[in-house]
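**Q** There's a structure below that I have some questions on.
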Amino acid sequence: MRISRALVVIAVCLPLPLMAYVRVKDAAGRVNQWDAFDGPVEYWVSSEGTIDVEDHNQTISAVENAFRTWECVPCSTIQFRNMGAGPTRVDQDGKNAVVWMDNRTQLQALLGADPDGMLATTINFDPDAHPFFEQDIVFNDTTFHGDDLRWSNSPGPYVPDAGYIEVDIETVMVQQVGLFLGLDVNCDPPGSDNCASLSTSVMAPAYGGPQHQLRQDDMDGVCAIYPNDAGMAKCQGARLRESCERDCDCAPGLVCVPDGDRRMCSQKCTADDPVCPNQTGCVLAPKDGEGAGTGLCLRRNEDNANLDGMVCVSDSNCESLSCTRVASIGKQVCVTRCSDASQCQGGYSCVDGVCLLPTAGATVSCDPPPAAQEPPPEDKGPFGCSNAPLATLPASLVLLALWRRQRR
């Protein structure tokens with residue numbers, strides 16, 4: 001386990017010099033980021049959450065809102081997708097998990113340090129070989145500077161000597177998503193006490209009560225890392241691997257395809273051009289009388305292995321461990337041998353002795369567009385983002401420890 005930034009604990013009472021955003025660097029001084037053009041970065045929220053919030057759906061909403069806050073910056077391409085209930089512990093399992101840990105001994109063993117001065121931390125697994133392959137966001141659910149740490153979606157005012165402190169989930173989550181994206185604690189130089197105030201950056205190492213809006217410096221930072229140079233429209237339908245119900249929910253050129261027990265926006269592929277985005281593979285249907293086989297980019301299984309009908313190179317690529325050329329497709333694909341459809345997975349047919357999807361997965365056409373309606377009274381940005389101005393910050397601030405950790 002390696003710490004990329006030392007623990008920072010400061011109290012902010014007066015405005016500090018304006019700082020420009022800071023990017024996380026690895027041990028070699030390199031900066032890295034998610035591949036924003038590879039579809040949304042997927043995350044899972046612990047199925048247990050925190051015992052402090054009775055309605056777990058409220059906790060999930062706070063996490064989703066924090067991700068959406070960064071996603072909604074127009075000049076950036078970054079996007080996210082909540083994949084549902086996730087791990088209840090931190091583990092190198094390929095899932096970007098948001099978890100709460102209420103076992104102090106386990107939390108200290110994970111961090112390699114006393115967690116009492118920390119609210120939350122972002123752990124980067126395998127930072128050198130795969131710096132942005134998996135990152136887990138961990139909330140401290142024990143104590144903070146000796147006081148009982150209670151998480152809330154509507155915390156009351158800080159009461160000195162009360163024996164507890166209530167902290168807003170979404171506020172801390174917004175800061176952690178900044179770390180998750182590749183921004184660092186906003187101090188100049190990094191690791192010093194000369195840090196930005198919360199009035200200029202959510203990446204300041206301080207907590208001042210509920211504050212959910214990004215500052216201009218934060219927006220400058222995320223747009224520098226994930227620039228929207230092509231002018232990608234964020235309001236013209238869901239993008240690659242975002243959730244959908246019908247084809248017309250997706251951005252132009254994308255279609256709504258099966259994705260486990262839900263649906264996602266994906267793209268078409270062909271036998272001549274079977275390239276698909278990361279975590280998906282080209283499932284080809286048998287050729288029709290018109291020529292080359294056509295298909296769709298569908299999600300691989302949890303182990304990132306190709307499903308039946310997906311274009312492959314070798315047996316090891318396939319869930320079935322069998323990769324062979326199929327005449328009716330005209331391409332080498334993953335197959336399961338069969339004599340009839342009962343030996344195939346649901347939706348597959350037995351064609352020429354192998355299981356294939358006859359239509360490569362069904363898309364969902366759209367009904368005629370509904371009649372025009374009056375716009376809602378509040379102006380909303382992409383993904384339901386409010387365009388309201390930033391809230392005014394309180395003058396009295398409570399201490400915060402903002403950590404970023406890297407683990408091998």
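**Q** Would you calculate the separation in nanometres between label points at residue 105 and residue 145, each defined as 7 Å from the Cα along the Cα-to-beta-carbon direction?
**A** Placing both labels 7 Å beyond Cα along the Cβ direction yields 2.8 nm.
**Q** Which cross-chain or sequence-distant (5 or more) residues have an amide H under 5 Å from the amide H of residue 259, H modelled 1.01 Å from N in plane?
**A** Correct list: 264.
**Q** Of 98, 117, 130, which is farthest along the charge dipole of segment 87-130 in the positive direction, counting Lys and Arg as +1 and Asp and Glu as -1 at C-beta?
**A** Positive-end residue among those listed: 98.
**Q** Between the DSSP loop rule and a limit of at most 13 other Cβ atoms within 10 Å, which GluC sites (Glu not before Pro) in segment 46-155 are left?
**A** Listed in order of number, the matching sites are 54.
**Q** Quick check: at a probe of 1.4 Å, how many percent of the accessible area of segment 233-354 sits on carbon and sulfur atoms?
**A** 45
**Q** Continuing with this model, one more query. Scan around residue 80 for amide H atoms under 5 Å from its own, H built in the peptide plane at 1.01 Å from N, and keep only partners 5 or more places away or cross-chain.
**A** Close amide H contacts, sequence-distant or interchain: 41.
**Q** Using r as the Cβ-Cβ distance of residue 193 and residue 75, and R0 as 35 Å, what FRET efficiency do you calculate, to the nearest 0.05?
**A** Here the calculated transfer efficiency is 0.65.
**Q** Given H placed 1.01 Å from N in the peptide plane, which residues other than close sequence neighbours of residue 250 have an amide H under 5 Å from its amide H?
**A** The answer is 238.
**Q** To continue, here is another question. Starting from 0.36 nm per residue, how many nanometres of slack lie between residue 316 and residue 272 once their C-alpha separation is accounted for?
**A** Taking residue 316 through residue 272 to full extension adds about 13.6 nm, to one decimal.
**Q** Here's a follow-up. Each residue of segment 193-199 in turn: what ³J(HN,Hα) in whole Hz from Karplus with 6.51, -1.76, 1.60 and θ = phi - 60°, glycine and Pro shown as x?
**A** For segment 193-199, the Karplus-derived couplings read 8, 8, 10, 5, 8, 5, 6 Hz, x marking Gly and Pro.
**Q** Over segment 30-119, with every protein chain in place, what whole percent of the accessible area is carbon and sulfur at 1.4 Å, could you tell me?
**A** For segment 30-119, the apolar C and S fraction of the accessible surface comes to 42 percent.
**Q** Where the centroid of each part is defined by its Cα atoms, how far is segment 143-192 from segment 54-115 in Å?
**A** 14
**Q** Something else: Distance in nm between label sites at residue 159 and residue 130, each 7 Å beyond Cα in the beta-carbon direction?
**A** Output for this residue pair reads 4.7 nm.
**Q** Next question. Explain nothing, just compute: Karplus ³J(HN,Hα) = 6.51 cos²θ - 1.76 cosθ + 1.60, θ = phi - 60°, for every residue of segment 150-162 in order, whole Hz, x for Gly and Pro.
**A** 10, 8, 8, 9, 8, x, x, x, 5, 10, x, 6, 7
**Q** Averaged per residue, what accessible surface does segment 76-197 expose to a 1.4 Å probe, in Å²?
**A** Per-residue value: 35 Å².
**Q** Using the Karplus equation 6.51 cos²θ - 1.76 cosθ + 1.60 (θ = phi - 60°), what ³J(HN,Hα) coupling, rounded to whole Hz, does each residue of segment 73-85 give in order, writing x for Gly and Pro?
**A** 6, x, 7, 10, 9, 5, 8, 10, 8, 6, 8, x, 4
The values are calculated or read from the model by the stated rules, or taken from the named source; none is laboratory data. Please read these numbers as outputs of a predicted model, since none were measured by experiment. Virtual Cβ from ideal backbone geometry, glycine too; neighbours counted across all protein chains shown. Protein only, heavy atoms only, side chains kept; ligands, DNA and RNA dropped before computing areas. Shrake-Rupley method; radii C 1.70, N 1.55, O 1.52, S 1.80 Å.
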